[in-house]
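Q: Once you've had a glance at the structure underneath, I'll fire off some questions.
The values are calculated or read from the model by the stated rules, or taken from the named source; none is laboratory data. Remember, it's a predicted structure, so these values are computed and weren't measured experimentally. Cβ atoms come from the backbone with ideal geometry, glycine included; neighbour counts cover every protein chain shown. The protein model used for the area step is the full one, side chains on, heavy atoms only, and it has no ligands, DNA or RNA in it. Shrake-Rupley method; radii C 1.70, N 1.55, O 1.52, S 1.80 Å.
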Amino acid sequence: MTRKEYEKKIAALEPLDEERRKSVTCALLGHSHITTGCFGYVYCARCGEQIGDVLGGCFYDPLEVRVGHNCPTCRANYEKLGWEDKILTPDPFSDENSGGAE
């Protein structure tokens, strides 16, 4: 889906609150490679849904960018991501998102 097609579909669903917009975006584009985590669980940074776990299951995403991680791998992966992953997600490298990330 192109960005223009995405914007057209979202506009047709207006008015949407922010939470619903994020959920619909993940339904249209798929979950973002930008993630958050807590106690081994992995969540989409856009919609907040659990997308994997590293304790009882497995989760491997070679393009994963963990919010607050700010390592060279996450920085390199972020440069590889398209608009589909970055739209409606937090800045993974901002100071307010640092600390507490796995």
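Q: Hey, could you check region 21-61 for residues that are of a type in the set (Phe, Trp, Tyr) and closer than 22 Å to Glu79 by Cα and say which is modelled with the highest pLDDT?
A: Restricting to residues being of a type in the set (Phe, Trp, Tyr) and closer than 22 Å to Glu79 by Cα, the top hit is Tyr43.
Q: Here's another thing I want to ask about it. Anything in region 39-58 that is open to solvent by 50 Å² or more (accessible area, probe 1.4 Å) and over 20 Å from Lys22 (Cα atoms)? List them, or say none. If you could, list the steps in order and put the result at the bottom.
A: Going through region 39-58, the residues open to solvent by 50 Å² or more (accessible area, probe 1.4 Å) turn out to be 39, 41, 43, 49-51, 54-56, 58.
The answer is Phe39, Val54, Leu55, Gly56, Cys58.
Q: If the Cβ limit is 8 Å and pairs must be 6+ apart or interchain, which residue in region 32-43 that is free of Cβ contacts under 8 Å to residues at least 12 places away in the same chain pairs with which residue that is open to solvent by 10 Å² or more (accessible area, probe 1.4 Å) and in a loop (DSSP other than H, G, I, E, B)?
A: Correct list of pairs: Tyr43/Glu49.
Q: For Met1, which of the numbered conditions (1) part of a loop (DSSP other than H, G, I, E, B); (2) open to solvent by less than 60 Å² (accessible area, probe 1.4 Å); (3) in contact with a helix residue (DSSP H, G or I) (Cβ under 8 Å, 6 or more places away or on another chain) fails to hold?
A: (2)
Q: Here's another thing I want to ask about it. Please verify whether Arg75 is loosely packed, with under 14 Cβ neighbours inside 10 Å and either touching a Lys or Arg at 6+ places or on another chain (Cβ under 7 Å) or assigned to a helix (DSSP H, G or I) (or both), treating the condition exactly as stated. Show your work before the answer.
A: Numbers: loosely packed, with under 14 Cβ neighbours inside 10 Å: yes; either touching a Lys or Arg at 6+ places or on another chain (Cβ under 7 Å) or assigned to a helix (DSSP H, G or I) (or both): yes.
Answer is yes for this residue.
Q: So the check is Cβ under 6 Å with 6+ separation or different chains; which pairs have a first residue in region 48-74 that's closer than 22 Å to Thr25 by Cβ and a second one that's open to solvent by less than 40 Å² (accessible area, probe 1.4 Å) and of a type in the set (S, T, N, Q)?
A: If the second residue must be open to solvent by less than 40 Å² (accessible area, probe 1.4 Å) and of a type in the set (S, T, N, Q), the pairs left are Leu63/Asn77; Glu64/Thr35; Val65/Asn77; Arg66/Thr35; Val67/Asn97; Gly68/Asn97.
Q: Continuing with this model, one more query. For the subset of region 22-31 comprising residues that are touching a residue at least 40 places away in the same chain (Cβ under 8 Å) and not in a loop (DSSP other than H, G, I, E, B), which member is nearest to Asp95 (Cα to Cα)?
A: Ranking the qualifying residues of region 22-31, first place goes to Lys22.
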